[in-house]
1. For region 32-56, give me each residue that is within 13 Å of the ligand (Cβ to nearest atom) and either under 22 Å from SER164 (Cα atoms) or touching a helix residue (DSSP H, G or I) at 6+ places or on another chain (Cβ under 6 Å) (or both).
2. Sort through THR29, THR65 and tell me the only one that's open to solvent by 10 Å² or more (accessible area, probe 1.4 Å), in a strand (DSSP E or B) and more than 14 Å from the ligand (Cβ to nearest atom).
3. Here is a list: SER164, SER168. Which entry is among the small types (Gly, Ala, Ser) and more than 27 Å from ALA85 (Cβ to Cβ)?
4. Taking region 1-18 as the search range and keeping residues that are in contact with a helix residue (DSSP H, G or I) (Cβ under 9 Å, 6 or more places away or on another chain) and surrounded by fewer than 22 Cβ atoms within 10 Å (Cβ to Cβ), which one is nearest to ILE141 (Cα to Cα)?
5. Select from region 173-209 the residues that are open to solvent by less than 20 Å² (accessible area, probe 1.4 Å), of a type outside the set (Gly, Ala, Ser) and more than 16 Å from the ligand (Cβ to nearest atom) and list them in ascending order.
6. From the residues in region 212-227 that are among the charged types (D, E, K, R) and within 22 Å of the chain's Cα centre (by Cα), which one is surrounded by the fewest Cβ atoms within 10 Å (Cβ to Cβ)?
7. Does any residue in region 1-20 that is touching a residue at least 12 places away in the same chain (Cβ under 8 Å) and of a type outside the set (Phe, Trp, Tyr) come within less than 6 Å, Cβ to Cβ, of a residue that is assigned to a helix (DSSP H, G or I) and open to solvent by 40 Å² or more (accessible area, probe 1.4 Å) six or more places away or on a different chain, and which pairs are these?
8. On the given criteria, is ARG59 open to solvent by 40 Å² or more (accessible area, probe 1.4 Å) and within 16 Å of the ligand (Cβ to nearest atom)?
Amino acid sequence: MTTRPPVFISAPIAALVEGIYREDTTIGTLKAHGDLGLGTFNDLDGEMVLLDGVVYRLRPDGDATIIGDEVETPFACVTFFTGDAEERFDKPVAAEDFERRLADLLPSRNLVYSLRIDGRFAHVRARSVPKQVNYRPLAEIAAIQTVFEFEDVEGTMVGFYTPSFLESVHVPGFHLHFLTADRKRGGHVLSAATSDVVVRQQHAPKVELGLPITLDFLTMEKTRDIAADIETVER
Ligand code: ZN
């Protein structure tokens, strides 16, 4: 069996939950660790999609722009993606069934998987966030996020499945970001229903976790309930 590349996570999501929105990992560094992934940017300045080696910033209105290698991120998760297995959902899948159908494709709930889903979506509910001040707890951001809807749209979702025992490292369960086929719009996926899509997934034999050497990270104290805060802001 071919050895798959690890999943690289630039910093534990616990730091983002505590409101640490500035780290020194560059987009250039991310690209050395993968060609597919997601995350955010310093000061929580939009949602990130890494697709086919290109990094996009999704602004609060959902508009996408390509971002250069010098920009920095406080949190991102990436991998080199080819896909172990592929399955077509050629019949419509309702929003309430979507995550269960994805979960059915995963051989075990105790591995990390990367996912790429291409095709036509009946509905995508997505969000992005306006730029933030450092140290504002992530749970408060849910109140000021912008939510937008796509109807009958072609595009690509990229993301990950993370086991619950890694909740301090990445959002447990599915975490997906969406980009339209014309690469012009997208966001963090809140819910989705599909018309006809191909789902590709790849398991990771290893997780590489960055531990930033920055004053914020070195002096961080855990004050938040990570599971509760992530539930508030990521779902
Ligand atoms: Zn996200």
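The values are calculated or read from the model by the stated rules, or taken from the named source; none is laboratory data. This one's a predicted model, so the numbers in the text were calculated from it and none came from an experiment. Heads up, the Cβs are rebuilt from the backbone with ideal geometry, glycines too, and the neighbour counts pull from every protein chain shown. What goes into the accessible areas is simple: the full protein's heavy atoms, side chains included, and nothing from ligands, DNA or RNA. Shrake-Rupley method; radii C 1.70, N 1.55, O 1.52, S 1.80 Å.
1. GLY37, LEU38, GLY39, THR40
2. Checking each option against the conditions leaves just THR65.
3. SER168
4. Across region 1-18, the extreme among qualifying residues is GLU18.
5. Within region 173-209, THR180, THR194, VAL197, VAL199, GLN201, GLN202 qualify.
6. Within region 212-227, the match that is surrounded by the fewest Cβ atoms within 10 Å (Cβ to Cβ) is ASP225.
7. none
8. yes
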